[in-house]
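Peer 1: Here it is: the structure, laid out below.
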Amino acid sequence: MSYIFLYALVGMGLFTLGLYALIIHAHLLRKILAINIMGSGVFLVLVALAARTEGAAPDPVPHAMVITGIVVAVSATALALALMLRVRSETGRAELDEEPLSKFDD
Amino acid sequence: MNWDTWLPLLIVLSSLLVALVIFVLPEDRSKTRTTLNLGGAALKIVLVGIMVWGVFNGHHYETRLPLLPGLDLVLRADALSMLFVALSAGLWMLTTVYAVGYLEDSPHRSRFFGFFSLCVTATVGVALAGNLITFLLFYELLTLATYPLIVHRGTEAARKAGRTYLIYTLAGGALLLLATIWLYTLTGTLEFTARGFLSTLDSSHHPVLVIIFVLLITGLGVKAAIFPLHGWLPQAMVAPAPVSALLHAVAVVKAGAFGIIRVVYDVFGIEFSASLGVTLPLAIVAAVTIIYASMRALFQDDLKRRLAFSTVSQVSYIILGIAIVGPMATIGGMVHLVHQGVMKITLFFCAGNLAETLGIHKISEMNGVGRRMPWTMAAFTIGAFGMIGAPPLAGFISKWYLGLGALEAGQDWVIFVLAGSSLLNAGYFLPILYVSWFKEPAGSWPAERCFGRYETALALLAPPVITAILALTLGLLASAPFSPLEWARFITTLEYAP
Amino acid sequence: MNNTGENTIPLSLRLLLMVLLTVMAVGLAYAVLSLPAQAPGLSVYAVENINISGVSNPVTAVLLNYRAYDTFLELGVLLLALLGVWSLGCAGCQHQSSPGPVLDSLSRLLVPILIMVSGYLLWAGAHAPGGAFQAGSVLGAAGVLLLLAGWRIHAGLAGLPLRIALVLGVAVFALVGAVLILPGGQLLAFPPAYAGGLILLFETVATLSIAISLTALFLGADPDEEDAS
Amino acid sequence: MIEMHWVVIVILLPLTGAVVCFLWPRQTVVSGLITAVGLFASVLGLTWQVLEQGALRYAVGGWGAPLGIDLYVDGLSLLMLIVTAVVGLAISVYSSAYFRLDRAKHFWPLWLFLWAALNALFLSADIFNIYVTLELMGLAAVALVALSGGANALTAAMRYLLVSLLGSLFYLMGVALLYHSYGSVDIAILSQRVESSPAVWVAIGLMVAGLLLKTALFPLHFWLPPAHSSAPAPVSALLSALVVKASFYILLRLWLEVFPLTNTVPGQFALGQFGLAQILGLLGAAAVLWGGIQALRQTRLKLLVAYSTVLQIGYLFLAFPLASIIGWKAALYLLLAHAVAKTAMFMAAGNILFYGGHDRIADLDRVAQRLPLTLSAFGLAGISLMGLPPSGGFIAKWLLLEAAIRSGQWWWGLMLIVGGLLTGAYVFKVIGYAFTRSDLPHEPGFVPKRMEWVALVMALLAIVLGLFAPLPLALLEIGSPFGESLR
């Protein structure tokens, strides 16, 4: 078991923390940040485990996947931020109108 | 592909296409619409005539289209379907004439006649269905096509009646679907076969078959208005008179009754049904319905509601005839399918005439109406006596064979049901006849309208008179070739093993 | 930033959530630890084919040759995000910042350096870490800096020319990729002899598109429409 | 003869169309419509090719799996492409009349991007590539929802975006675990290598959770009704008809190919999958009840239709515990029928909204009677959703019921019956108002005839699907996506 797994575990930790923050926080900016942290967690897992084999060069495929993933994340974040600004200009606040935890609408 | 494979489809299409064209027809093209309606009806009668002749001479008419892998949409002409097709085609013609007169100048006629034709399409489809899935298809189409007719007036009461109708029929349809598929998974076939196709199944399936039988009969019993599933029918009286006539005499309740005939004879087989022990309970349910509905009819002042309860009662005669296992009773039940249709449509036409011409809806308003509208009331009288079962009218023939069949099958109790029912029939029809012929008119009618030189418009008057004469003829010439009675005999020979 | 959000959730629910997420985290960790300790993944294949891929950096080979289709779609995502942002019509959402003298001189200093760095990254991508995305984001940063300093695109370029620049990456990928089918190949199948050149072409247009898209995303609204309103 | 690369064309064409629409906004409607027609034709070309040659595998870049990305067409993906093409064409025609130019110039590029994403998604044989297409689809869908503006739509879009991203990340984490377990992201290769292991189980859990969230299966449906009801009508239609189906498709594909293990100790994994299937079935049943009851309670037409989607999604998941070829086919046929019928229904709702300026169900009588074509479309679509014959919905219901009874799990079939009755109740709740008469309180809006006719054509198609079932069902057999038939 190499130290590489530590990175992967940190990635999983970020993923979980991000999810917690996403659910708990009402402010949209925090939610967007939380999603980004989750994304970073996934990317960390992907990249870290690519270097598992000792002595060998890291596997390039996950690296490429992460680069692709980052661009996707950037794009999504940009759209999310713009949407957040629109929501704020329309409703006066940057929150979804319901309780963050109440997932059942009725 | 030849004529024999196209004819059943053509019979269905002859009203389906009419329906589709009428839907897109502008409201004010009433001439075109009437022409289409009558043309379609006439064409259908001709086609059905050809088919009846062909079937009698041993032709085999069948249209088969793939519906699902292993399951076809089958339209087939056999002796039983001919009985119902001929009834539908004949009465459709008359009802169309009547409806054209009845709805003159009322709004939404395109919609009305469109669904009207669709309704007949569905009925003919039900009649010609060669397997259970095809039957189901047209049976549900019938539900959908009649709903707009029931709510046609657009009043709150109409919408409520429509809702009740849907709740009953959609739930019934769901049971039917469930039972049909269940049956299919057991047998792999759904083709109607004389004497049924289930008797070869392993006896371990018999309890399941009983459940399926109950599901099927319950699903069909909704439309056939078997007690306690009849609740929608009296409510549906808010519909215009031609619709009531169609619902009660031809389409909806008959589709249910016809379905029960199909299930008992051509799915389960009458002898196999009897061996499963399901026929006696069915007979008892039918008997209860007959008596219960007749009692309810006694206490209705609204004319159409009284007729509605009478329908509930009379349709169960058909079911009773099937459930008493035996050739004679079968003849009685089958022939009543036709006879009841002809008689009941007469009564509803007459009720519609009273409402349309004089604004009469209640029996208490009918004093002396026989003097104002003698032709209408004469037709009504013939229909009513037919219902009671007075000889030599059509109704007598039905009851005679039912009684004979019951004795033949050793089910003597049925005689008491028949007698009791006849008494009750007399109990709710004779007072109507009495007040309309022998009481003095009150002076003015609730809402009288003038319709030219006859007592009412000719389009309204002719249909009941014709059907009344027909009811008389069916009784007098019951033994003539091609009469419903002879046809029912013909069917019976097919259904019972020699 | 307001802090109403956190307090509206009852403590009990938060505790429940923590418990659930802890269970999930344990599961995730267990999954990671159960993975085989050593795995080459696809590096063997990637290295095997590196000679015919046109570049010597395996990550670039994956991005622009082996899995160039992913990259193509991903440029599509970037363009799409821009379309989405523009469709929101958020012209008035962003408040303008007036640049101070520090920002002004900083941008004068930094922008040329950023452009140079970007150019280097683009070139280096063929054999070392680097490539279109790195180059594009650095160039995009230069654009953002310019925007902060108050620079705006010339009105004459805000319409079709800007749009062409934005779609350049996707368009070139689609066009060249499709043209490669004609001699009997597959979509985006580079003949080894031309692979190096083609990849450089792709990287260049991708760098430009990415940089301009990022800058435009930062601006937030269609400059053409902004002028109109 | 030159082999046509239809597989590539159906992805590149909409992308090119989107770019052209974006570059020349003034001609956007024309470019968009031309693209739509061309795309429809291309899918027909692909269909013909697949019918001739059977399932196709296409190695993008010529590398082939595992290094490169493969595209794969079999009956399952082909059906999805056809559904998308049919619904897409209808939505394009409808939208060409629905949007004014100021919104059309945004709608068309986004919609064509979405179409490209859907096609790419259905064709992809690579689970990482599927992630990219998922994101492409999700962002386009969010932007389209936001297109109608206003606080409701924007908030719904925002929630939808967060949900969509969250679902994708769960999915991506699963991809990461699978890749690092087996060194490939190709579905076919994975299906040979996957064995029961903790990492695989966690990956399955993550991917299923993420995809269920995107598919809006109860209780993860919370985002759907606001998003689908506040979007512009054509967008609502394509979201309900296509977008939620895309994530369902991925789930199904993974379920059929990646998740099952035949080459390992059967007991453990089979039991696990059995349990998961039962859970999915239960959630589906709950969705049927919840969606149906909620739909009945709605006072706004578009929300009613949106909840009807929640119900219909529940149906799809009833196929999982049945686990039979006939059950899967039923689910796919249901998907097809629902896509067509729901498109018609949302279009009809859009027309009513267009005409009357509101979609309050209680006041529909003022509007409905004056739009007979639209109302017919609504009614016919409703028949299919109810599963009454003859309609596509009936065929699907029949097959699903048959599968349920054959597998001895009749209780799932019962849910179909209950769902059908609930659907009947809410459809006729709307239809009932069409027959009462009342006056229109204000000047009605003008509904272009094209919008009415498209809705009706789609509704008729939903009915006709009940008469030509053997064709699509045979199509599904290509490449045996559901395993070899035992017959």
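Peer 1: Six or more apart or on different chains, Cβ atoms under 7 Å: show the pairs whose first residue is in segment B:50-68 and within 16 Å of B:Trp487 (Cα to Cα) and in contact (Cβ under 8 Å) with a residue 24 or more places away in the chain and whose second is in a strand (DSSP E or B) and among the small types (Gly, Ala, Ser).
Peer 2: Taking only residues 6 or more apart or on different chains, the pairs are B:Met51/B:Ala77; B:Val55/B:Ala77.
Peer 1: For segment C:194-221, enumerate the residues that are surrounded by fewer than 23 Cβ atoms within 10 Å (Cβ to Cβ), over 13 Å from the mean Cα position of the chain (by Cα), within 14 Å of chain D (Cβ to nearest Cβ) and in a helix (DSSP H, G or I).
Peer 2: Those that are surrounded by fewer than 23 Cβ atoms within 10 Å (Cβ to Cβ), over 13 Å from the mean Cα position of the chain (by Cα), within 14 Å of chain D (Cβ to nearest Cβ) and in a helix (DSSP H, G or I): C:Tyr194, C:Ala195, C:Leu198.
Peer 1: Looking for whichever is free of Cβ contacts under 8 Å to residues at least 40 places away in the same chain and assigned to a helix (DSSP H, G or I) here; the options are D:Ile431, D:Ile405, D:Ile463, D:Ile383. Which one fits?
Peer 2: On the way: D:Ile431 fails: free of Cβ contacts under 8 Å to residues at least 40 places away in the same chain; D:Ile463 fails: free of Cβ contacts under 8 Å to residues at least 40 places away in the same chain; D:Ile383 fails: free of Cβ contacts under 8 Å to residues at least 40 places away in the same chain.
From the options D:Ile431, D:Ile405, D:Ile463, D:Ile383, the qualifying one is D:Ile405.
Peer 1: Let me spell it out: the conditions are (1) without any contact (Cβ under 8 Å) to a residue 12 or more places away in the chain; (2) surrounded by fewer than 24 Cβ atoms within 10 Å (Cβ to Cβ); (3) under 21 Å from D:Ala141 (Cα atoms), and A:Ile67 meets all of them except one. Which number is the exception?
Peer 2: Result: A:Ile67 passes all but (3).
Peer 1: Follow-up. Select from segment B:358-376 the residues that are crowded, with 24+ Cβ neighbours inside 10 Å and assigned to a helix (DSSP H, G or I) and list them in ascending order. Step through it out loud before you land on a result.
Peer 2: The first filter runs over segment B:358-376 and keeps only residues crowded, with 24+ Cβ neighbours inside 10 Å, leaving B:360, B:366, B:369, B:376.
If the condition is that a residue be crowded, with 24+ Cβ neighbours inside 10 Å and assigned to a helix (DSSP H, G or I), then B:Val369, B:Thr376 are the ones that fit.
Condition check ((1) within 13 Å of chain D (Cβ to nearest Cβ); (2) assigned to a loop (DSSP other than H, G, I, E, B); (3) under 18 Å from the mean Cα position of the chain (by Cα)) across all residues:
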{"site": "B:Gly162", "(1), (2), (3)": "yes, no, no"}
{"site": "B:Arg195", "(1), (2), (3)": "no, yes, no"}
{"site": "B:Leu198", "(1), (2), (3)": "no, yes, no"}
{"site": "B:Leu216", "(1), (2), (3)": "no, no, no"}
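Peer 1: D:Val30 - would you say it is over 30 Å from D:Gln192 (Cα atoms), without any contact (Cβ under 8 Å) to a residue 12 or more places away in the chain and surrounded by fewer than 22 Cβ atoms within 10 Å (Cβ to Cβ)? Talk me through it step by step, then tell me what you get.
Peer 2: Numbers: over 30 Å from D:Gln192 (Cα atoms): yes; without any contact (Cβ under 8 Å) to a residue 12 or more places away in the chain: yes; surrounded by fewer than 22 Cβ atoms within 10 Å (Cβ to Cβ): yes.
For D:Val30, the condition - over 30 Å from D:Gln192 (Cα atoms), without any contact (Cβ under 8 Å) to a residue 12 or more places away in the chain and surrounded by fewer than 22 Cβ atoms within 10 Å (Cβ to Cβ) - is met.
Peer 1: Just to be sure, is D:Leu471 surrounded by fewer than 18 Cβ atoms within 10 Å (Cβ to Cβ) and either within 12 Å of chain B (Cβ to nearest Cβ) or at pLDDT 90 or above (or both)?
Peer 2: Values: surrounded by fewer than 18 Cβ atoms within 10 Å (Cβ to Cβ): yes; either within 12 Å of chain B (Cβ to nearest Cβ) or at pLDDT 90 or above (or both): yes.
Against the criterion (surrounded by fewer than 18 Cβ atoms within 10 Å (Cβ to Cβ) and either within 12 Å of chain B (Cβ to nearest Cβ) or at pLDDT 90 or above (or both)), D:Leu471 qualifies.
Peer 1: Being within 12 Å of chain C (Cβ to nearest Cβ) and more than 18 Å from A:Val45 (Cα to Cα) is the filter here; which residues of segment D:201-230 pass it? Steps first, answer last, please.
Peer 2: First pass over segment D:201-230, keeping only residues within 12 Å of chain C (Cβ to nearest Cβ): D:201-206, D:209.
Once the filter is applied, which keeps residues that are within 12 Å of chain C (Cβ to nearest Cβ) and more than 18 Å from A:Val45 (Cα to Cα), segment D:201-230 yields only D:Ala209.
Peer 1: Within segment B:464-484, can one find any residue that is within 22 Å of the chain's Cα centre (by Cα), without any contact (Cβ under 8 Å) to a residue 12 or more places away in the chain, surrounded by 15 or more Cβ atoms within 10 Å (Cβ to Cβ) and more than 30 Å from B:Gly370 (Cα to Cα)?
Peer 2: Yes, there is a match, as at least one residue in segment B:464-484 is within 22 Å of the chain's Cα centre (by Cα), without any contact (Cβ under 8 Å) to a residue 12 or more places away in the chain, surrounded by 15 or more Cβ atoms within 10 Å (Cβ to Cβ) and more than 30 Å from B:Gly370 (Cα to Cα).
Peer 1: Might you let me know whether segment D:312-325 holds any residue that is assigned to a helix (DSSP H, G or I), within 30 Å of D:Ala97 (Cα to Cα) and within 14 Å of the chain's Cα centre (by Cα)? Walk me through it before giving the result.
Peer 2: In the first step, residues of segment D:312-325 are kept if they are assigned to a helix (DSSP H, G or I); the result is D:312-317, D:319-322, D:325.
Right, trim to within 30 Å of D:Ala97 (Cα to Cα) and you get D:312-313.
From the residues that got through so far, the ones that are within 14 Å of the chain's Cα centre (by Cα) too are D:312-313.
Yes; the residues of segment D:312-325 include at least one that is assigned to a helix (DSSP H, G or I), within 30 Å of D:Ala97 (Cα to Cα) and within 14 Å of the chain's Cα centre (by Cα).
Peer 1: Sticking with this one: Hydrophobic (A, V, I, L, M, F, W, C), modelled with pLDDT of 95 or more, out of contact with any Cys (no Cβ under 9 Å at 6 or more places or on another chain) and crowded, with 23+ Cβ neighbours inside 10 Å: is that true of D:Leu144 in this structure? If you could, list the steps in order and put the result at the bottom.
Peer 2: Values: hydrophobic (A, V, I, L, M, F, W, C): yes; modelled with pLDDT of 95 or more: yes; out of contact with any Cys (no Cβ under 9 Å at 6 or more places or on another chain): yes; crowded, with 23+ Cβ neighbours inside 10 Å: yes.
It is true that D:Leu144 is hydrophobic (A, V, I, L, M, F, W, C), modelled with pLDDT of 95 or more, out of contact with any Cys (no Cβ under 9 Å at 6 or more places or on another chain) and crowded, with 23+ Cβ neighbours inside 10 Å.
Peer 1: Related question: Spot the failing condition for A:Ala56; the list is (1) assigned to a helix (DSSP H, G or I); (2) more than 24 Å from C:Val19 (Cβ to Cβ), and only one is missed.
Peer 2: Condition not satisfied by A:Ala56: (1).
Peer 1: Right, another one. Residues that are assigned to a helix (DSSP H, G or I) and farther than 23 Å from A:Ala64 by Cα: does segment C:115-138 have at least one?
Peer 2: Here is the first cut: in segment C:115-138, the ones assigned to a helix (DSSP H, G or I) are C:115-124, C:132-138.
Restricting the remaining residues to those that are farther than 23 Å from A:Ala64 by Cα gives C:115-116.
Yes, segment C:115-138 contains at least one residue that is assigned to a helix (DSSP H, G or I) and farther than 23 Å from A:Ala64 by Cα.
Peer 1: Additional query: Failed condition for D:Thr374, given (1) closer than 23 Å to B:Arg159 by Cα; (2) of a type in the set (Val, Ile, Thr); (3) facing chain B (nearest Cβ under 10 Å), with all others met?
Peer 2: Here D:Thr374 meets the rest and fails (3).
Peer 1: Another one. Regarding segment D:258-268, can at least one residue be identified that is at pLDDT below 90, more than 14 Å from chain C (Cβ to nearest Cβ) and within 30 Å of D:Gly88 (Cα to Cα)? If you could, list the steps in order and put the result at the bottom.
Peer 2: Residues of segment D:258-268 that are at pLDDT below 90, as a first pass: D:258-268.
The next check asks that each one be more than 14 Å from chain C (Cβ to nearest Cβ); those that pass are D:258-268.
Restricting the remaining residues to those that are within 30 Å of D:Gly88 (Cα to Cα) gives D:258.
Yes, there is a match, as at least one residue in segment D:258-268 is at pLDDT below 90, more than 14 Å from chain C (Cβ to nearest Cβ) and within 30 Å of D:Gly88 (Cα to Cα).
Residues are listed down the side, and each one gets a yes or a no for (1) out of contact with any Cys (no Cβ under 7 Å at 6 or more places or on another chain); (2) of a type outside the set (A, V, I, L, M); (3) within 14 Å of D:Ala455 (Cα to Cα); (4) at pLDDT below 95:
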position: D:Gly356; (1), (2), (3), (4): yes, yes, no, yes
position: D:Phe378; (1), (2), (3), (4): yes, yes, yes, yes
position: D:Trp410; (1), (2), (3), (4): yes, yes, no, yes
position: D:Met415; (1), (2), (3), (4): yes, no, no, yes
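Peer 1: Just a yes or no: is a residue in segment A:12-24 at the interface with chain C (Cβ under 8 Å from one of its Cβ atoms), part of a loop (DSSP other than H, G, I, E, B) and surrounded by fewer than 22 Cβ atoms within 10 Å (Cβ to Cβ)? Working first, answer last.
Peer 2: Filtering segment A:12-24 for residues at the interface with chain C (Cβ under 8 Å from one of its Cβ atoms) gives A:12-13, A:15-16, A:19-20, A:23-24.
Those left that are additionally part of a loop (DSSP other than H, G, I, E, B): none.
No; the residues of segment A:12-24 include none that is at the interface with chain C (Cβ under 8 Å from one of its Cβ atoms), part of a loop (DSSP other than H, G, I, E, B) and surrounded by fewer than 22 Cβ atoms within 10 Å (Cβ to Cβ).
Peer 1: Anything in segment D:169-200 that is away from chain C (no Cβ under 11 Å) and either modelled with pLDDT of 95 or more or over 27 Å from the mean Cα position of the chain (by Cα) (or both)? List them, or say none.
Peer 2: Pass one, segment D:169-200, residues away from chain C (no Cβ under 11 Å): D:169, D:171-172, D:175, D:187-188, D:190-196.
Answer for segment D:169-200, where residues must be away from chain C (no Cβ under 11 Å) and either modelled with pLDDT of 95 or more or over 27 Å from the mean Cα position of the chain (by Cα) (or both): D:Leu169, D:Tyr171, D:Leu172, D:Val175, D:Gln192, D:Arg193, D:Val194, D:Glu195, D:Ser196.
Peer 1: State the number of residues belonging to segment C:155-172 that are more than 9 Å from chain D (Cβ to nearest Cβ) and under 16 Å from D:Gly17 (Cα atoms).
Peer 2: Here the count works out to 3.
Peer 1: Do we find a residue being in contact with a strand residue (DSSP E or B) (Cβ under 8 Å, 6 or more places away or on another chain), under 30 Å from D:Leu134 (Cα atoms) and within 7 Å of another protein chain (Cβ to nearest Cβ) anywhere in segment C:69-85?
Peer 2: So the first thing to find is which residues in segment C:69-85 are in contact with a strand residue (DSSP E or B) (Cβ under 8 Å, 6 or more places away or on another chain), and the list is C:69-70.
Narrowing the set further to residues that are under 30 Å from D:Leu134 (Cα atoms) leaves C:69-70.
Retained after the next criterion (residues that are within 7 Å of another protein chain (Cβ to nearest Cβ)): C:69-70.
Yes; the residues of segment C:69-85 include at least one that is in contact with a strand residue (DSSP E or B) (Cβ under 8 Å, 6 or more places away or on another chain), under 30 Å from D:Leu134 (Cα atoms) and within 7 Å of another protein chain (Cβ to nearest Cβ).
One line per residue, one yes/no per condition, for (1) in contact with a Leu (Cβ under 9 Å, 6 or more places away or on another chain); (2) modelled with pLDDT under 95:
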position: C:Val77; (1), (2): yes, no
position: C:Leu80; (1), (2): yes, no
position: C:Val85; (1), (2): yes, yes
position: C:Ala91; (1), (2): no, yes
position: C:Gln96; (1), (2): no, yes
position: C:Arg108; (1), (2): no, yes
position: C:Val111; (1), (2): yes, yes
position: C:Ala126; (1), (2): yes, yes
position: C:Gly131; (1), (2): yes, yes
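Peer 1: I would also like to ask the following. Just to be sure, is D:Leu371 touching a helix residue (DSSP H, G or I) at 6+ places or on another chain (Cβ under 7 Å), on the phi < 0 side of the Ramachandran plot, of a type in the set (A, V, I, L, M) and at pLDDT below 90? Break it down stepwise before answering.
Peer 2: Values: touching a helix residue (DSSP H, G or I) at 6+ places or on another chain (Cβ under 7 Å): yes; on the phi < 0 side of the Ramachandran plot: yes; of a type in the set (A, V, I, L, M): yes; at pLDDT below 90: yes.
It is true that D:Leu371 is touching a helix residue (DSSP H, G or I) at 6+ places or on another chain (Cβ under 7 Å), on the phi < 0 side of the Ramachandran plot, of a type in the set (A, V, I, L, M) and at pLDDT below 90.
Peer 1: Quick one: count up the residues across segment D:51-81 that are surrounded by fewer than 20 Cβ atoms within 10 Å (Cβ to Cβ), more than 17 Å from C:Gln186 (Cα to Cα) and either touching a Leu at 6+ places or on another chain (Cβ under 7 Å) or among the acidic types (Asp, Glu) (or both).
Peer 2: The qualifying residues number 1.
Peer 1: Of all residues in segment D:55-75, which are within 19 Å of C:Gly41 (Cβ to Cβ), assigned to a loop (DSSP other than H, G, I, E, B) and at the interface with chain C (Cβ under 7 Å from one of its Cβ atoms)? Before you say what the answer is, go through the steps one by one.
Peer 2: Residues of segment D:55-75 that are within 19 Å of C:Gly41 (Cβ to Cβ), as a first pass: D:61, D:63-70.
Subsequent filtering for residues that are assigned to a loop (DSSP other than H, G, I, E, B) retains D:61, D:63-68.
Hits for segment D:55-75 are D:Gly61, D:Trp63, D:Pro66, D:Leu67, D:Gly68.
Peer 1: Let me ask something additional. Any residue that is in contact with an Asp or Glu (Cβ under 8 Å, 6 or more places away or on another chain), away from chain D (no Cβ under 13 Å), closer than 23 Å to C:Pro58 by Cα and assigned to a loop (DSSP other than H, G, I, E, B) - is there at least one of those in segment C:141-150?
Peer 2: Within segment C:141-150, none of the residues are in contact with an Asp or Glu (Cβ under 8 Å, 6 or more places away or on another chain), away from chain D (no Cβ under 13 Å), closer than 23 Å to C:Pro58 by Cα and assigned to a loop (DSSP other than H, G, I, E, B).
The values are calculated or read from the model by the stated rules, or taken from the named source; none is laboratory data. This is a predicted model, so every value here is computed, not measured. Glycine gets a Cβ as well: all are built from the backbone with ideal geometry, and neighbour counts include every protein chain shown.
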